[in-house]
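The values are calculated or read from the model by the stated rules, or taken from the named source; none is laboratory data. Only a predicted model underlies this, so the values are computations on that prediction, with no experimental measurement involved. Using ideal geometry, Cβ is built from the backbone for each residue, glycine included, and neighbour counts are taken over all protein chains shown.
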Amino acid sequence: METTSGQFVKQSEKGTCPHLGSEYQPFVNPQLDDPYSFYKRARQEEPLFYSPELNAYVLTRYDDILTVLKDPERFSSVDTLRPTVHFTPEVLQVLAQGYLPVPTAFNSDGDTHKRFREPMNRAFAPARLAVMEDWIRAIANKLVDGFINNGNAEIISEFANPLPLEVILTMYGVPVEKMAQMKKSCDHQMALFHFSHLTPERQIEYARSIVAMQHTIAGLIEERKLAPRNDFISDIQTADFNMNELVVVLCGTILAGHETTSHLISNALKVLLERPELWQALCDDPSLIPAAIEEVLRYDDPVPSIIRTTTQEVELAGVTLPKGTQIFLMYASGNRDETQYSDAEYFQLARFKQAPVNHLSFGNGIHYCVGASLARREARIALETLSKRLPNLRLRPNQQLAHIPSLLFRGFTQLDVEWDVA
């Protein structure tokens, strides 16, 4: 819960103290690299358990997660974006120099959610995204041009990150020269709000970076008021938002609009390249790419969890939860639920070639991800471009892969690849 000063404090621990909860350590190995073995055990033994580490409950079965997502009246989104770390007074003082958090489409319900959701629906409408296809592909090819003659690349920093970032910032009309700083500020925001190991000095540094990005966006908003363009910042000003709301919405969309897709692309490359026959199948038949992306979303979800809060006393998975209980819906677990998917622990390239797409990775119900179509389009173009231009792409051998310590995003800190240069 949040105090009037904005400081997040622990809820009083509720209910029983489940035995699995004390074993749940999602931010360190072995569970950081392989959370799925623990989730499989939880689905069988204790599908809903209390985690002292998160000071919240953890829900692991597909059907239970879907039930919560479809019931926003009893399970609110108000805490969806809450930090998983506690800020010092010095950090709060820095953040107060920027634009303070307000409810948006991501963390609101009812009429407030509708007010923020409708402009986003217009911005990400399929017809509007379709005309972006050519310049998304142009950005992808430009990035590949930058490293294709090297024979190797750190594919996240050189391709998977800059592609969706440049796409979303191009939608905004942000000057190219400001894109690198925007990316750095987005990384700082994710780290500050979700990485518990930062030193107090680093927290302050990152808070200043976030505030600087907010003021940059505010400056662009003021520019568009005087001279509107054909971009998202100009369009969204037609909505009934004040300046604080505009800045928070736009900064949040930059983060959500590129970070998740970046991890989707890199997770896809890792799982496809570690089995070369899968990559070869895509190179031989690019029509498999859309289904492959859906299976990557199910198999190694780039957004492994989301938070909901009970608005009344509820019974869930056989446990009675009081009003105000926070629950982590573990998409990463639901997407591996044996009751929904045969051979759920195995990656099947064409699983969704014929079967309906029913994974949880973009949510469900009124909060279904507004950027899902854009993410799918970017990932498809990314794999089409790389498979066409680098058909002999492969993982660099003997590298030690590490995951970022977060429950908001799942991805690697780096991913080295190589290929034969003609």
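Here are the numbers for the structure shown:
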| read-out | value |
| --- | --- |
| Of residues in region 215-241 being in a helix (DSSP H, G or I) and over 26 Å from the mean Cα position of the chain (by Cα), the one surrounded by the fewest Cβ atoms within 10 Å (Cβ to Cβ) | 226 |
| Failed item in (1) buried (at least 23 other Cβ atoms within 10 Å of the Cβ); (2) under 18 Å from the mean Cα position of the chain (by Cα); (3) modelled with pLDDT under 95, with residue 298 passing the rest | (3) |
| Count - residues of region 310-347 that are within 26 Å of residue 73 (Cα to Cα) and within 21 Å of the chain's Cα centre (by Cα) | 11 |
| Pairs where the first residue, in region 391-408, is closer than 12 Å to residue 26 by Cβ and the second is of a type in the set (Lys, Arg) and buried (at least 19 other Cβ atoms within 10 Å of the Cβ), C-beta under 9 Å, 6+ apart | 403/410; 404/410 |
| Some residue of region 403-413 being at pLDDT 95 or above, small (Gly, Ala, Ser), surrounded by 16 or more Cβ atoms within 10 Å (Cβ to Cβ) and farther than 29 Å from residue 134 by Cβ | no |
| Residues of region 142-169 that turn out to be acidic (Asp, Glu) and modelled with pLDDT under 95, as a count | 1 |
| Test: residue in region 270-290 that is touching a Pro at 6+ places or on another chain (Cβ under 7 Å) and either in contact (Cβ under 8 Å) with a residue 12 or more places away in the chain or crowded, with 18+ Cβ neighbours inside 10 Å (or both) | yes |
| Residue match in region 333-353 (condition: among the polar types (S, T, N, Q), at pLDDT below 95 and not in a loop (DSSP other than H, G, I, E, B)) | no |
| Selection from region 84-101 of residues that are of a type outside the set (Gly, Ala, Ser), buried (at least 18 other Cβ atoms within 10 Å of the Cβ) and closer than 18 Å to residue 248 by Cβ | 87, 91, 94, 95, 99 |
| Single residue of region 310-329 satisfying the filter (buried (at least 19 other Cβ atoms within 10 Å of the Cβ) and among the polar types (S, T, N, Q)) that is nearest to residue 346 (Cα to Cα) | 326 |
| Conditions (1) over 24 Å from residue 157 (Cα atoms); (2) in a helix (DSSP H, G or I); number of the one not met by residue 324 | (2) |
| Residues located in region 188-203, provided they are surrounded by fewer than 18 Cβ atoms within 10 Å (Cβ to Cβ) and either under 15 Å from residue 94 (Cβ atoms) or modelled with pLDDT of 85 or more (or both) | 198, 199, 200, 201, 202 |
| Single residue of region 348-375 satisfying the filter (over 28 Å from residue 54 (Cβ atoms) and surrounded by fewer than 19 Cβ atoms within 10 Å (Cβ to Cβ)) that is nearest to the chain's Cα centre (by Cα) | 373 |
| Condition met for residue 394 (surrounded by fewer than 16 Cβ atoms within 10 Å (Cβ to Cβ) and of a type in the set (Lys, Arg)) | yes |
| Residue in region 242-249 that is part of a helix (DSSP H, G or I) and over 30 Å from residue 92 (Cβ atoms) present | no |
| Number of the condition not met by residue 32 [criteria: (1) assigned to a loop (DSSP other than H, G, I, E, B); (2) at pLDDT 50 or above; (3) exposed (fewer than 13 other Cβ atoms within 10 Å of the Cβ)] | (3) |
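Here's the yes/no breakdown for (1) part of a loop (DSSP other than H, G, I, E, B); (2) charged (D, E, K, R); (3) without any contact (Cβ under 8 Å) to a residue 24 or more places away in the chain:
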residue	(1), (2), (3)
72	yes, no, no
82	yes, yes, no
87	yes, no, no
91	no, no, no
108	yes, no, no
113	no, no, no
128	no, yes, yes
136	no, no, no
158	no, yes, yes
